[in-house]
Structures are given as C-alpha cells and as structure tokens.
Amino acid sequence: MTLFPAARAVAIKDLTVEIRARRAVGAAAPFVGTVLVSFGLALGPGRTLLHQVAPGVLWLSVLFASVLTVRHGWAAEMEDDAVEAFVLAGMDDASVFLGKAAALTIELLALEIFTVLLTSLLFDRSFLGQPLLLLAALILGTIGLSVVGSLFGLVASSPRAGDGSLPLLLLPLASPVLLAGVQATGYAIAGQPGRAGPWLGLLSAFDLTFLAVGIVVFEHLLEER
Amino acid sequence: MRGTSAGGGDTSSALTVLMSISGRVPVLAPASRDPNRSSAVSLRGLTRFHERRPTVVGVNLDVDPGEATFLRGPNGAGKSTLLRLIATAIHPTFGGGLVCGRDLIFERSGIRPLVELLGHRGRWYDDLTAAENLRFVCSLYDIPTAGIDAALERVGLGSSSGIRVRDHSEGMRKRLSLARVLIRRPELLLMDEPYAGLDDGGKDLVDALIREAANRGSTVILAGHERREGLAGRTVTMERGAIVTSEVGP
C-alpha cells in the first residue's frame with residue numbers, strides 16, 4: 001500500500017478506536033476543564049488580568065491535555081502489541097507516523113473547540129476578533145503538537161521508558177508551539193493580523209521541521225521500540 | 001530441513017558467540033554466497049542477545065519450501081525468539097541468513113509480506129470488533145476484504161464478528177489470529193504455541209490450517225510443547241538458545 005492510503009487507513013483506525021472508547025479526548029476534556037478552573041481560581045477575579053492571560057491559559061491547557069491524548073493513543077497500540085503489526089506488515093513506516101499524526105490533529109482540534117468555548121466562558125473573553133487567524137493559529141499549533149506527540153509518544157510508550165518520560169520529552173520540545181501559539185492567538189483576539197504573521201510562520205516552520213524529522217526517523221523508532 | 005547450532009553443543013555455541021563478539025568469525029552471511037537460496041529458511045550463526053544475555057545462540061537452520069517443522073524445547077529455550085527473528089520482528093545481534101529467498105538483514109521489508117507470525121500476543125485493538133480488526137489487517141497488507149466473513153465463520157467467530165475484541169476470551173482471540181492466517185495465506189507460517197488457550201475444536205482447526213498450508217506449498221514452523229501426530233516432518237529441539245538435535249519423522 002502506498003504512503004497516503006496507508007496513512008489514511010491508520011488515521012481512520014485511530015479515530016474509530018477513539019470514537020468507540022473515548023479514552024483520549026474523553027479523558028482530556030474533563031482535565032482541560034479542571035485546568036481552566038484552577039488557573040481562574042489562582043489568578044483571582046481581576047478581569048483585566050484574566051483577559052490578558054486567556055490565550056496563554058488556553059494553550060497551556062491544550063498542551064497539558066495533548067500529553068494525555070498522546071499517551072492514550074499509543075496505549076491502544078501497546079495493549080496487545082498491535083504496534084508490531086505495523087512492523088510486520090512491511091509497510092512504509094512513514095505512513096504510520098502520518099496517519100497517527102493526522103488522527104491526533106483531529107482529536108486535538110475537537111478538544112480545542114471545547115477549550116476555546118470554555119476559556120471564553122470562564123475568562124469572559126471573546127476569541128472572535130479575527131476568527132480565520134485564530135483558526136490558522138489553532139490548526140498550525142495543533143499540527144505541531146500532533147507531529148511531536150506522535151513521534152515521542154512512541155518513544156515514551158516503549159517498555160524501557162519510564163512513566164514520566166512523555167511529558168519530559170513533549171513539553172520542552174513543544175515550547176515553540178506554546179510560545180508562537182499564544183502570541184498568534186493573542187494578536188488574533190486583538191484583531192492585529194499583521195503582527196500574528198511571524199508567529200504563524202514560526203508554527204509553520206516547526207510543523208515542517210518535525211514532519212520531516214518524523215518521516216525520516218520514525219522507521220528506526222518503530223523497529224527499536 | 002537441517003538444523004544445527006554453530007559448532008554443535010553448548011560449549012561451542014558459547015565459543016561462537018565469543019568469537020563473533022571479538023570479530024574472529026564473519027557475523028553476516030551475504031546472500032550472494034549462500035548455497036541455500038532455494039530454502040524457505042536458511043539461517044547461519046543466528047544469535048540474539050537480550051539485555052546482554054544470549055537468547056538465541058549461533059543457530060544454523062535450513063527449512064525447505066513446503067516443509068512443516070516442529071520446534072520444541074523447554075521454557076526459555078529460545079523458540080519464540082527464533083520465530084520472532086525469522087519473522088523480522090526483532091533484529092539478530094549476530095549472524096544472518098535468508099527467509100523466503102530474501103536476506104534477513106538487508107531485505108527485511110521484502111520478507112514481511114510473505115510471513116505470518118502467530119505469536120503469544122494477537123496484535124489486536126481491544127476497542128475494535130473482530131471484523132474491524134481484520135479489515136485493518138487487510139488494509140495494512142493491501143489485500144481484499146472479501147474473505148473476512150468466511151474466515152470468521154471458519155474459525156467459529158461468525159456470530160461474534162461484531163463484538164469488541166476486549167470482550168473476547170483468550171481462545172476467541174487465538175481463533176481471530178487463525179482467521180488472519182486464513183485471510184493472508186502466507187508463504188511462511190510461524191506458529192508459536194498455537195494450541196495454547198484453545199479447546200479441542202480449536203486445536204483441530206490449527207491442525208487443519210497447517211495441513212492446508214502444506215498442501216498449497218507454504219512452509220510451516222511450529223513451536224511448542226504439544227506435538228500433534230502427522231503434522232511435522234521433522235522435529236528440531238532447542239536448549240538454552242541453541243539447536244541440539246534435528247530428527248526426521250514423527
């Protein structure tokens with residue numbers, strides 16, 4: 001099977017498992033709610049401060065929730081050693097990487113719709129300044145998180161890796177996404193598309209870099225898992 | 001089928017490993033120099049270390065196409081590891097060989113579509129149904145899905161094809177793996193303790209699959225403790241990672 005049909009099959013399988021079990025987004029959505037409420041309580045009732053930090057809190061919640069989503073996504077592969085089926089099928093391993101990243105992107109975007117609505121409600125902050133710009137920031141940032149998550153989720157799911165290895169790997173590597181996502185979202189809310197451009201460029205560069213890295217190294221990671 | 005450890009007994013096997021480490025013997029058998037290109041499996045000095053401990057030691061093994069071989073030995077003898085090495089699920093530490101005419105080191109992706117490993121774990125997704133899991137297998141191997149219903153009926157899972165695998169018993173999971181064998185019809189079938197967890201009907205089904213595979217010219221290597229009469233033409237015994245005997249006949 002060629003690269004993209006195989007990637008599509010992997011993505012459809014992952015989404016079917018998630019829709020059936022609701023283990024990834026199902027676990028992450030209550031977590032996001034808890035994080036947002038906790039930040040709100042910690043920051044206090046000051047409306048100006050809540051408005052200022054809303055983009056940061058939004059992206060931090062998504063980043064933390066992505067750890068849960070990635071972990072659950074890879075747990076399904078490890079339960080009955082299903083991940084070995086990818087190796088033994090002799091398929092292009094890049095298709096597994098792309099398929100898993102695509103499914104994770106869709107799952108995280110669904111989670112972000114919920115997160116944006118909840119942040120808007122709890123922080124009394126409208127995100128509709130530049131909706132298309134906001135959408136671009138969310139999509140590009142989510143692709144970045146998904147690509148890095150798919151790559152290092154496999155490493156962290158290895159029996160040799162410790163329980164805490166996924167956040168230790170994922171959170172520092174995803175810090176450019178956090179930084180650029182917060183800035184681009186802030187400017188989207190403020191209706192300043194010109195100033196968001198460089199941050200969207202950084203997100204695009206991050207996505208392309210880790211897509212290329214994943215396509216190259218995923219085969220090795222899968223073989224040596 | 002011919003099978004020996006490099007040098008024969010345990011002492012010489014250990015010696016082979018030591019010599020391999022020190023570089024005094026060739027660790028790879030280049031495909032172009034191997035006289036057994038026509039063998040379904042032809043292994044030379046195959047060795048696997050796991051956490052610094054040798055689990056398969058200097059195995060030389062030749063299996064002819066269409067031959068059914070029974071691989072036996074005590075727990076920890078290296079049977080499962082050897083099957084996983086042949087299936088390219090893991091890499092050898094030293095040695096090499098040919099599987100279905102492809103080099104075990106350099107042509108691994110060419111071997112994989114031709115081999116089916118029925119191992120201890122089924123490689124199933126618990127939250128998909130039996131039929132959905134098999135459809136995904138078909139998409140991985142790019143084979144038609146038309147045979148799924150018939151395969152599930154044949155293994156006795158026709159009425160439970162819509163049930164999530166999470167709710168399957170161990171025997172049902174093993175039967176689902178047998179359905180994968182039916183759908184794939186591999187050139188080389190590697191079965192690791194295929195009777196474990198199966199009732200008498202399931203064991204008869206395994207026997208029937210082995211006979212059918214042999215009839216269509218596929219090669220079967222069957223590892224386990226339970227030898228069923230009239231299936232394998234040769235018995236290979238492993239101990240402590242090495243092949244110690246190879247006997248023809250039932």
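A few remarks follow.
- Heavy-atom accessible surface of region A:81-197: percent carbon and sulfur, 1.4 Å: 69
- Among the trypsin sites (Lys or Arg not before Pro) in region B:36-120, those located in a DSSP loop and surrounded by at most 12 other Cβ atoms within 10 Å of their own Cβ are B:R37, B:R52.
- Both numbers refer to the Cα atoms of region B:99-191; Rg and Dmax are 13.6, 43 Å.
- When only Cα pairs below 8 angstrom with a gap of at least 6 residues are kept, chain A shows a relative contact order of 26 percent.
- Loop GluC sites (Glu not before Pro), region B:185-231, which have at most 10 other Cβ atoms in a 10 Å radius of their Cβ (DSSP): B:E229
- Residues considered: A:V70, A:V116, A:V177. Largest GNM mean-square fluctuation over chain A, using C-alpha springs under 10 Å, is found at A:V116.
- This model, with +1 at the C-beta of Lys and Arg and -1 at the C-beta of Asp and Glu, gives region A:3-222 a dipole about its Cα centre of some 720 debye.
- A 1.4 Å probe run over the protein chains yields, for the protein assembly as shown, 41 Å² of accessible area per residue, whole-number rounding.
- With θ taken as phi - 60° and the Karplus curve 6.51 cos²θ - 1.76 cosθ + 1.60 applied, the whole-hertz 3J(HN,Hα) list for region B:137-145 is 4, 4, 5, 5, 9, 6, 10, x, 8 Hz, x standing for glycine and proline.
- For region A:3-222, fraction of C-alpha pairs farther apart than 29 Å, in %: 25
- For region B:167-247, fraction of C-alpha pairs farther apart than 15 Å, in %: 59
- Extension gain for A:R8 to A:D124 (0.36 nm times residue separation, less C-alpha to C-alpha distance): 37.9 nm.
- Note on region B:3-248: with neighbouring protein chains present and a 1.4 Å probe, carbon and sulfur make up 50 percent of its accessible heavy-atom surface.
- When you filter the GluC sites (Glu not before Pro) in region B:35-133 for DSSP loop state and at most 14 other Cβ atoms inside 10 Å of their Cβ, you are left with B:E51.
- In this structure, A:V216 and A:L132 have a Cβ-Cβ separation that, at R0 = 41 Å, corresponds to a calculated FRET efficiency of about 0.80.
- Assigned charges on the beta-carbon of Lys, Arg, Asp, Glu; region B:3-248 dipole about Cα centre (debye): 620
- Phi-derived couplings, Karplus 6.51 cos²θ - 1.76 cosθ + 1.60 at θ = phi - 60°, listed residue by residue for region B:172-184: 5, 4, 5, 5, 5, 5, 5, 4, 5, 4, 4, 6, 7 Hz, with x used for Gly and Pro.
- Scattering profile of region A:107-225 at q = 0.13, 0.20, 0.22, 0.23 Å⁻¹ [log10 I(q)/I(0), Debye over alpha-carbon scatterers]: -0.57, -1.07, -1.19, -1.25
- For B:Y125, the accessible surface of its heavy atoms amounts to roughly 10 Å² (probe 1.4 Å, protein chains only, rounded to the nearest 10).
- Candidates A:P176, A:P30, A:P193: whichever shows maximal mean-square fluctuation once chain A is modelled as a Gaussian network with Cα springs under 10 Å: A:P30
- Pairing chain A with chain B buries about 2400 Å² of accessible area. This figure sums both sides and uses a 1.4 Å probe.
- For region B:25-156, convex hull volume per residue from C-alpha positions, Å³: 150
- All-pairs alpha carbon distance profile, region B:3-248, 10 Å steps from 0, percent: 8, 32, 34, 20, 7, 1
- The protein assembly as shown - Kirkwood radius from inverse mean 1/r over Cα pairs (Å): 24.5
- Furthest towards positive pole of dipole, B:L205, B:A223, B:P186, structure part region B:178-241, Cβ charges: B:P186
The values are calculated or read from the model by the stated rules, or taken from the named source; none is laboratory data. Everything numeric in this text was worked out from a predicted model, so none of it was measured. Here the Cβ is made from the backbone with ideal geometry for all residues, glycine too, and neighbour counts use every protein chain on show. Side chains included, ligands, DNA and RNA excluded: accessible areas come from the protein's heavy atoms. Shrake-Rupley method; radii C 1.70, N 1.55, O 1.52, S 1.80 Å.
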